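These notes are about the structure you will find just below.
Only the coordinates and a few stated rules stand behind these numbers; no lab work does. All figures in this text were calculated on a predicted structure; none of them were measured in a lab. Virtual Cβ from ideal backbone geometry, glycine too; neighbours counted across all protein chains shown.
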């Protein structure tokens, strides 16, 4: 009798999970489809995206009513189970920039610095092939940022937005970024064993503009823009109330300490 109850309970639990999983996939993909389809109608798309974002944050916008709670539950379930339904192929939102990380090594007793570019950054952006190092590329692509100007945006407004981008990225990924930087230091010292270990590592983003489809594009590889995002001093003792890496502020053009993000943010 006990075994029969156990088997029945397991069957019910498994069946319930399958039904919920199918329901989750249907709802999550429908929401994603809704966002993609409405991209053709900017005003509608903006309103729907805003309402969905508020629902996913648990704010329950009036426009969606009780549906907001379902959206919140579906989104959190996807995050917890590591299966968010995000459509991220190559169209229609194609990037107009590509970017790479770079390290600038500095020493306290020298005014000169040494740059170590990413192994993924090609010498000629119009003619190159990458056939190995996919893991490194994947890590770096998750750490980079791109810096663009929105339509009608002033330079100050853009820099304020970039500052927020950098702060958010470092709040989440400072630990991965410092590990990546330490590996670059090891690589540099392996190539130059007589060189002293750098006292500071400034991490930059080097971004290239991508020509629009159908345009002639530049006749030769364009020069990248370069934006610092962080400065790491391996031997420094950072205050306990800030993340252990300095964040670059494009507005003041200085490196600043950033407090730990609170749980409510």
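Numbers at a glance
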quantity: Distribution of pairwise C-alpha distances over the range 17-115, 10 Å bins, in %; calculated: 13, 33, 24, 11, 11, 8, 1
quantity: Pairwise label distance in nanometres, residue 67 with residue 153, each label 7 Å out on the Cα-Cβ vector; calculated: 3.0 nm
quantity: Debye intensity ratio I(q)/I(0), log10, the chain, q values 0.08, 0.14 Å⁻¹ (C-alpha model); calculated: -0.49, -1.20
quantity: Contour excess over end-to-end distance, with Cα ends at residue 123 and residue 81 and 0.36 nm allotted per residue; calculated: 11.1 nm
quantity: Kirkwood hydrodynamic radius (C-alpha pairs) into Stokes-Einstein, the range 98-178, 10 °C and 1.306 mPa s, D in µm²/s; calculated: 104 µm²/s
quantity: Sequence-separation-based contact order of the chain, relative, with Cα cut under 8 Å and 6+ spacing, percent; calculated: 16 percent
quantity: Additional length obtainable on full extension of the chain from residue 194 to residue 164, 0.36 nm per residue less Cα span; calculated: 6.9 nm
quantity: Least to most buried among 27, 37 (fewest other Cβ within 10 Å first); calculated: 37, 27
quantity: Highest to lowest packing among 17-26, 229-238, 54-63, scored as the average C-beta count within 10 Å; calculated: 229-238, 54-63, 17-26
quantity: Share of alpha-carbon pairs per 5 Å distance bin for the range 120-254, given as whole %; calculated: 2, 8, 14, 18, 19, 17, 12, 6, 3, 1, 0
